[in-house]
1. For an R0 of 25 angstrom, estimate the FRET efficiency from the Cβ-Cβ distance between A:Glu74 and A:Phe218 and round to the nearest 0.05.
2. Can you give the Rg to Rh ratio of region A:7-262, both from alpha-carbon atoms, with Rh computed by the Kirkwood formula?
3. Return the calculated 222 nm mean residue ellipticity for chain A, to the nearest 500 deg cm²/dmol, obtained by summing -39500 (n - 2.57) across DSSP H runs with n ≥ 4 and dividing by the residue count.
4. Under 11 Å from the Cβ of A:Ile378, count the other residues' Cβ atoms, weight Lys and Arg +1, Asp and Glu -1, and hand me the total.
5. What does the extension gain come out to for A:Asp205 and A:Asp231, with contour length at 0.36 nm per residue minus their alpha carbon separation?
6. Kindly provide log₁₀ I(q)/I(0) values, in the same order as q = 0.22 Å⁻¹, from the Debye equation applied to equal alpha-carbon scatterers of region A:307-378.
7. Using a 1.4 Å probe and counting only protein heavy atoms, how much accessible surface gets buried when B and A come together, both sides summed, in Å² to the nearest 100?
8. With a 1.4 Å probe and all protein chains left in place, how much of the accessible area of the protein assembly as shown comes from carbon and sulfur atoms, in whole percent?
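The values are calculated or read from the model by the stated rules, or taken from the named source; none is laboratory data. Not measured: the values here are computed from a predicted model. Here the Cβ is made from the backbone with ideal geometry for all residues, glycine too, and neighbour counts use every protein chain on show. Surface areas here come from the heavy atoms of the whole protein model, side chains and all, with no ligands, DNA or RNA. Shrake-Rupley method; radii C 1.70, N 1.55, O 1.52, S 1.80 Å.
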Amino acid sequence: MRECMPCKGDKNGGRGEDVKNTAMVGNHAVAYAVMQAKPEVLAVYPITPQTTMLEKLAEYVSKGMLNAKMIKVESEHSAMASIYGASLAGARVFTATSSQGLLYMTEVIYWAGGQRVPIVAGIATRAIGSPWSIWDDHQDFVTERDAIWIQMMAENVQDAYDMTIQAFRISEDKRVIMPVMMGFDGFVLTHTMERLSLLENEDVDKFLPKKDFKLIDFEEPIGIGPIVTQDNYIKYRYKAMQAMERAKGVIEEIAKEYSNTSGREQYGLVEFYKCEDADYVILAMGAWAGDARLAVDELRKNGVKTGLAKLRVLRPFPKEKLAELKDRKAVLVLDREYSYGSGGVLATELKSALYGANLPIYSLIGGIGGKELGPSEIINAMNMVVQGKMDREVWFV
Amino acid sequence: MSSIKELEEESPVSRPSVGSAGKTGTWRVEKPIIDLEACKKCDICILECVENTIDKGSDGYPKIDYNYCKGCGVCANVCPVKAIKMEAEVKM
């Protein structure tokens, strides 16, 4: 297998510091970020398209580049259960999965969310069976949206690398203390080699100091995940809701700090691309935000003032930031997943966030199960929106 | 390394304490009554009580905390001299 080690690269545009420029597939970039984050316990069960990340992590551990205990587990359920315990005991932990594996992990995902345990999980997004598909969509990822987990979604390999490092900081921030999942599109990112810049190990160490707290104390025994009375249950859920709201500010703050560390601008909850004067805006999440970016440039050449709102964080949903879209002529939402019997998840959430605004929101459902949808389809859809010919919801079948 | 103390307002944990699940005595249908004249102070009921609601009193006899005793009847069952009788909570 080709070795994806970073080489010393160019100078970073005037900042006078060395950066590492290299090319990696998404799975290896995330594995590299994880290695630099120095987790002490890993438990990962292989599943396409995540497997090559697990292999790379195992290689880092066996070569001594990552000093971590890698627990061999028999399932995703056990993977999450074991790092849940390790995190309670004070370790920094990581796991990764996809699709059916994520579903199988879900029981413990909810336990970890409710317990407010710092965990980072990489999710190589993939369609859910049946019918069986190994290809990319976002159905698995959005299925976890009520689990008290922060959910971030990367646009490209660089984004996936950057977000993974930030995810550890967000998860362990004492104003938040919550597990974080970082989604990145299966194959489209996991198996695609792209250029990226890596941080120096020392910079990661500075940005991400050693985790300094644990949730169990062997000197003073406690019960974890105890049964509680009705009065107590709702109290913890109310606190989780508040922590999720606080996380919005923390995510923005940590993104800003990471911008300074990396020299790459990070956008926190939402990136607005060419939105200042835009009449029409596309809302998208994940890899095809890149296609939408090309569509925006192309549409602008033809005189349609379009912008892109790239959702970087699905939970907490950035309602306040997206309120910025309420005075536009229309928004076209791209959904790579669907809530059957309701609508595209992002379209539904945007409508809820902009309640009361007099703004037409169009929903394009596409890319389900890996079905190709590129800039030209997005351009066509937006042209139909502009001409008033678009239905409120269209499936690109 | 700081511990759970500062985080437990957020993260649900329990500490060993009396009645962490509320006053479970209200769940009881039958109530164990100890016949002190028959009791031999062998302590078996104290050891076997699944809810830890029986303690050894200063006089050496077992004492049941009815605030938390659920009335499961294990004590009556294990008593070698049949000194514990289960009586209906509600008399018809």
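1. 0.40
2. Dividing the radius of gyration by the Kirkwood radius yields 0.96.
3. -12000 deg cm²/dmol
4. Here the count lands on -2.
5. Separation in residues times 0.36 nm, less the Cα-Cα distance, equals 5.2 nm.
6. Treating every Cα as an identical point scatterer, log10 I(q)/I(0) equals -1.08.
7. 1900 Å²
8. Carbon with sulfur: 53 percent of the solvent-accessible area.
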